[in-house]
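Asker: Quick one: the structure is below, questions incoming.
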Amino acid sequence: LNQKKPLSSIIKEVCDGWSLANHDQFALQHADSSNFYITEKNRNEIKNGAILRLTTSPAQNAQQLHERIQSSSMDAKLEALKDLANYSRDVTFAQEFINLDGISLLTQMVESGTERYQKLQKIMKPCFGDMLSFTLTAFVELMDHGIVSWDTFSVAFIKKIASYVNKFASDISILQRSLAILESMVLNSHDLYQKVAQEITIGQLIPHLQGTDQEIQTYTIAVINALFLKAPDDKRQEMANILAQKQLRSIILTHVIRAQRAINNEMAHQLYVLQVLTFNLLEDRMMTKMDPQDQAQRDIIFELRRIAFDAESEPNNSSGSIEKRKSMYTRDYKKLGFINHVNPAMDFTQTPPGMLALDNMLYFAKHHQDAYIRIVLENSSREDKHECPFGRSSIELTKMLCEILKVGELPSETCNDFHPMFFTHDRSFEEFFCICIQLLNKTWKEMRATSEDFNKARKRVMQVVKEQIMRALTTKPSSLDQFKSKLQNLSYTEILKIRQSERMNQEDFQSRPILELKEKIQPEILELIKQQRLNRLVEGTCFRKLNSRRRQ
C-alpha cells in the first residue's frame, strides 16, 4: 500500500486488477475481527504487516443492512441485525447508517417489538431474545459515536427500555444493553433524566446487584451513580438515605465486593464514583459557616462541654452567679482546645471545614464517649506544654480528611480507587474521623509537639498523620476495624523507619561514592554522638517537683 497515493486511486487499481466496475462502490477494510474501514483520516494508523481486504463501501453496506433488517423473514432479519451490531462499532459505517435515519428505524423496532412479536416470542423465544439483543447492541454502538443527540427519544422508547430492566433479568445481554442505554440517557440529557427517574427506582435495581454476573453489577451501579449525579439537591439527599441503608450497603459488600474474586477496573471505577458521590453529600456542611448568634448551633458546643466535664460534677448544675458560670465555661472551652475561649462558635466560621468539623466532634463525643473524655481530660491536665488541643486539632483533621476523600469534587473519569471499608457503616465518614482523631492525639504525643506554637507543630504532626492515613488506606482494609489495626502498626517511629528505608533505597544512596564516604565518616560521627551524650549527662537536667495534690 503506497501511503502517498490517494485511497481512491489505490481502490481503483485493485478493482481494475480484478475487472470490477464501479470502483467508487468499494472500500478497504481491516481483515481482522474489528472490520474497521480504512479512510483518509485513519490510514496513517495502519501497521506494517496488517492485512486489508476489498469490500463494499460503507454507504453501500449501510444501505443494504438498512433494507435487510426490515426483511419479513425472521432468519434473514436476525442475521442482518447481527451484522449491524458488528459494523456499528465503526464510526465510518455508523455515519452512513445514521444518515439513512437508521437510529429512528431501530427505536421504532424496539417500541413496537414486543407487541409485534408477542406470538413469535412464545413459539421461538431464543430467536426473539437474540433479535432484541442485537438491536439494542447496534443502538448502543451507534449512539456511542456521539453523532446523534440523546434528547430526541420518545417516552415510549424510554418506557420500553426501562421495562426490559425489570422483565429480562434472566437474559444477560438484553439487561446489560438496557442498563447501558439508561445510564447514557441520564448522563446526557436533563429531560431524559427526569423521564428515566419516573420509570426506574433504586429498589428495582437492587436485585441485579444480587446476581453473580460482574458486568451486570457494574452496569447497575453505573445507573445508580448516574441517577445520583444528575438528581436535584432535594432528591439527592433522599437517594443518599436509600444508599446509606444497611440493606443496600450489605448487598454491595456481600455480593459485589466480597463475592467477586477479582474486581475489574470498570467495577472498581463505579464503586469509586459511588463512594465519592456519597461523601459529596457532606459538602453542604463543609461549606456552611457557623453563625455565632445561632442558639441551636451554640448548644452543640455546650453539649461538648457538658459531656467532657459535667460527668465530674452535678448535671445541670446551675448554682453560682452568671459571672462565675461564664468564667467556668471559658476555662472549660480552653481545656477543650478552642482558639476563642469566650465564644468558641467563632472557631467554626472558616470554610472548609465549617460545620462539618463540629458535626464530627459531636459524633465522637456521643458515640465514643470514653475515648472523647479520655482525650480531653488527658490534654487539659498536662503540665508539660505537650497537650494536643482537641478543638483545633479536630477542625484541622476534618479539613484534611475532606482533602483525602476529595469531598466536593466531581469523580475523576479515570480513577478506580475505592475503599471497601466505607461500605461497612452508614456513618463511615464520622467513624473514619473518630479513628483518625485518636491517631492524631497519639502521634502528637509521640512527636512531643507543643501547643505553644500550634501552627508550627500542626504542620509537622499533620504531615505525619496524613502519611499514616494514606499508607493504611493503600492496603485497602476491608473494615474500619482493620483500618484501625493497620494504623496501630504505623507509629511515628515506624514512619521514620519507612522514610529512612525508602530514602536509602533510592539509587543515589546506593551509588559507590556515597557508600565509600559513609564508611569513611561513620567512626568520626559515632564518636561525636558518644561525646555529646556524655557531656549532656555531666551537665545534668533539672526536673520540676510535682505537687502530690495535683493531677499528674
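Asker: Condition first: closer than 30 Å to Phe338 by Cβ and either assigned by the TED database to the domain that holds Pro420 or surrounded by fewer than 15 Cβ atoms within 10 Å (Cβ to Cβ) (or both). Can you find one or more residues in the range 532-542 that meet it?
Answerer: no
Asker: Hey, another quick one. Taking the residues in the range 129-162 that are touching a helix residue (DSSP H, G or I) at 6+ places or on another chain (Cβ under 6 Å) and hydroxyl-bearing (Ser, Thr, Tyr) as candidates, determine which candidate is modelled with the lowest pLDDT.
Answerer: Step by step, filter the range 129-162, then rank; the result is Ser133.
Asker: For the range 1-93, give me every one of the helices (runs of 4 or more DSSP H) that falls completely inside it and has 1 or more residues that are out of contact with any strand residue (DSSP E or B) (no Cβ under 6 Å at 6 or more places or on another chain) and modelled with pLDDT under 90.
Answerer: The qualifying helices (runs of 4 or more DSSP H) are 74-87.
Asker: Could you tell me which residue of the range 260-287 is nearest to Pro411 (Cα to Cα), considering only residues that are open to solvent by 30 Å² or more (accessible area, probe 1.4 Å) and in contact with a Ser or Thr (Cβ under 7 Å, 6 or more places away or on another chain)?
Answerer: Glu266
Asker: Filter the helices (runs of 4 or more DSSP H) completely within the range 274-390 down to those with at least 2 residues that are modelled with pLDDT under 90 and assigned by the TED database to the domain that holds Lys230.
Answerer: Details: elements: 283-286, 295-309, 322-335, 355-367, 369-380.
Here the list is empty.
Asker: I would also like to ask the following. If I filter the range 163-182 for residues that are within 30 Å of Phe26 (Cα to Cα) and either at pLDDT 95 or above or part of a helix (DSSP H, G or I) (or both), do I get at least one hit?
Answerer: No.
Asker: In the range 466-512, which residue that is charged (D, E, K, R), within 23 Å of Cys402 (Cα to Cα) and without any contact (Cβ under 8 Å) to a residue 24 or more places away in the chain is least open to solvent (accessible area, probe 1.4 Å)?
Answerer: Here the residue is Lys486.
Asker: Can you find even one residue in the range 197-216 that is of a type in the set (Ser, Thr, Tyr) and in a helix (DSSP H, G or I)?
Answerer: There is no residue in the range 197-216 that is of a type in the set (Ser, Thr, Tyr) and in a helix (DSSP H, G or I).
A quick yes/no check of all residues on (1) open to solvent by 10 Å² or more (accessible area, probe 1.4 Å); (2) at pLDDT 95 or above:
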position	(1), (2)
Phe422	yes, no
Asp426	yes, no
Glu431	yes, yes
Ile435	yes, yes
Arg448	yes, no
Ser451	yes, no
Phe454	yes, no
Ala457	no, no
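Asker: Separate question: Please work out which one of (1) over 30 Å from Arg258 (Cβ atoms); (2) in a helix (DSSP H, G or I); (3) β-branched (Val, Ile, Thr) is the condition Ile469 fails and give its number.
Answerer: Ile469 satisfies every listed condition except (1).
The values are calculated or read from the model by the stated rules, or taken from the named source; none is laboratory data. Model, not experiment: these values are computed from the prediction. In this analysis, Cβ positions are derived from the backbone assuming ideal geometry, glycine residues included, and neighbour counts consider all displayed protein chains. Accessible surface is based on the protein model in full, side chains and every heavy atom, while ligands, DNA and RNA are left aside. Shrake-Rupley method; radii C 1.70, N 1.55, O 1.52, S 1.80 Å.
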